[in-house]
Amino acid sequence: MIAVTGAAGPAGRALVRALLARMSETSGSGPAPLRVIAIDSAERIERLVLPAPVKHPEPTPELAPEPGLEYSAEEIDPDPPVTADPGSDGAPTDEGATSSSIPDTTSTAEERPRRRSYLPAGLSARLEPKPKDPKPKPSVPELGIVPGTDTGVDWRPADISSPDVVTALDSADVVIHLATADDLAESVTGSASDRRLRAVRAAQAVSMAAAAVGARRLVAVTSAMVLGARPDNPVPLADDATCRAEPDEGQVGDLLEVERVLERIPRVHPGLAFTLLRPAALVGPGVDTAVTRHFEAPRLLVLRGTGTQWQFCHVDDLSAAIWTAITRGLDGSLTVGAAGSLDESQVETISGMRRLEVPAGLAFSTAERLNRVGVLNTPASELAYVVHPWVIGSAGLLAAGWEAQQDNESCLKGLLDDQRRRRATPSGRRVGGRDAAMGAAGAAVALLGTAAIVRQARSRQSKRRRSTLEP
């Protein structure tokens, strides 16, 4: 049986779904027995069971016509019939007959013509209340598995940073620990020290619990960001490349500390086989990272005089890499990513976004100031991952027969489509302004640079306007 810790995130749900699919392929037709254990906190699992309903604004009871609107004429009856109250003082009427409670003084007059009511086009004289939204379905198919709706998965709420996680891992033969962050909005809330302490304790607790329940293999997923993004990096980086990332207070620093704990597993738990996977920039439905938010800014940030290479890893390809590591018995550190990379001009063409070139010193100093005053909740050092290359080769997995099914171009297109769908959903709209950009250093600098360009353009237009009005 395979257990996945941190399974309630976007990458975790995609992994659980992929594991079920591969297990059903190997077991043949028929209902699959319970073979996947999904573990996460009770709060995160509960959010999957009942998504928050989308709130619509209440309809306005009356709308007065405004100047400039198109109007349409509609005939209405000035004297609608009024049903008599059976218990009133009026004369009794036959069943189904109607009479007015107001004395009829115009019975002998000719029938009055219907008068016209002029309302804005598309509106009727009477506004019907908007029907209430149906009860939200406990399923989000594009994001993966939902507790309580799928067979073959046992969702177990547990604190993965506590030694009590050993109870949830009971009967697990293989344990997969997702240490990489795939939900930036959730991971940057709270203090950086608490987040790091929880990440380190989770690595310690899961590794000890895996050995205690007798699991034969532990697969941990961090990120290739620990290898560092530098202008002098070789392309591609080898699987056993030295970790040269800055040990900052951000998520990259968290992963460096997590890997220091994980590298002791072969020595502390010799009976537990260990695999460490380092994927490139993760993309997939619902995945939210500093790299994905870079594409929510108005423009692409480019440092003057430098060039970068973009490489992605789809969550489905990561799931296939984990399966390969389990079935082929691969040990040690492995990198996971799509073949090759995209240069800046290719990214501009695919995304349709214009570039914003700024000096390197100005970009990093701006990011540092934003972080210092609390506007930017990620360190300025993470700016390097969107301006310097950190391309990986995936040599070990390729030699074992694994191959990425999603290339970099399709990964980028999928990322952009996912962002468009999220912006079109009222409950999922994160940007319209700067909220998304302020979650990542590169996007924040690009946003401020774009705002400066707009202000300069408006200033020049204003000066030209004044010069033409002067005699």
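Overview of results
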{"read-out": "Some residue of the range 254-263 being under 23 Å from A384 (Cα atoms) and part of a loop (DSSP other than H, G, I, E, B)", "value": "no"}
{"read-out": "Residue count for the range 265-279, restricted to those that are buried (at least 19 other Cβ atoms within 10 Å of the Cβ), of a type in the set (G, A, S) and in contact (Cβ under 8 Å) with a residue 60 or more places away in the chain", "value": "0"}
{"read-out": "Selection from the range 270-324 of residues that are of a type in the set (G, A, S), within 27 Å of V16 (Cβ to Cβ) and out of contact with any helix residue (DSSP H, G or I) (no Cβ under 6 Å at 6 or more places or on another chain)", "value": "G271, A273, A320"}
{"read-out": "Qualifying residue in the range 280-287 (condition: within 19 Å of the chain's Cα centre (by Cα), touching a residue at least 60 places away in the same chain (Cβ under 8 Å) and farther than 27 Å from T324 by Cβ)", "value": "no"}
{"read-out": "Residue match in the range 344-364 (condition: farther than 25 Å from D417 by Cβ, among the hydrophobic types (A, V, I, L, M, F, W, C) and touching an Asp or Glu at 6+ places or on another chain (Cβ under 9 Å))", "value": "no"}
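For every residue, the table says whether it meets (1) part of a helix (DSSP H, G or I); (2) touching a helix residue (DSSP H, G or I) at 6+ places or on another chain (Cβ under 6 Å); (3) free of Cβ contacts under 8 Å to residues at least 60 places away in the same chain.
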residue	(1), (2), (3)
G190	no, no, yes
L197	yes, no, yes
A202	yes, no, no
A205	yes, yes, yes
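Per-residue answers, yes or no, for (1) more than 30 Å from L184 (Cβ to Cβ); (2) at pLDDT 90 or above:
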position: L19; (1), (2): no, no
position: G30; (1), (2): yes, no
position: S41; (1), (2): no, yes
position: E46; (1), (2): no, no
position: E62; (1), (2): yes, no
position: E66; (1), (2): yes, no
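The values are calculated or read from the model by the stated rules, or taken from the named source; none is laboratory data. Please read all numbers here as calculations on a predicted model, not as lab measurements. Methodologically, a virtual Cβ is constructed for each residue, glycine included, from the backbone with ideal geometry; neighbour enumeration extends over all protein chains shown.
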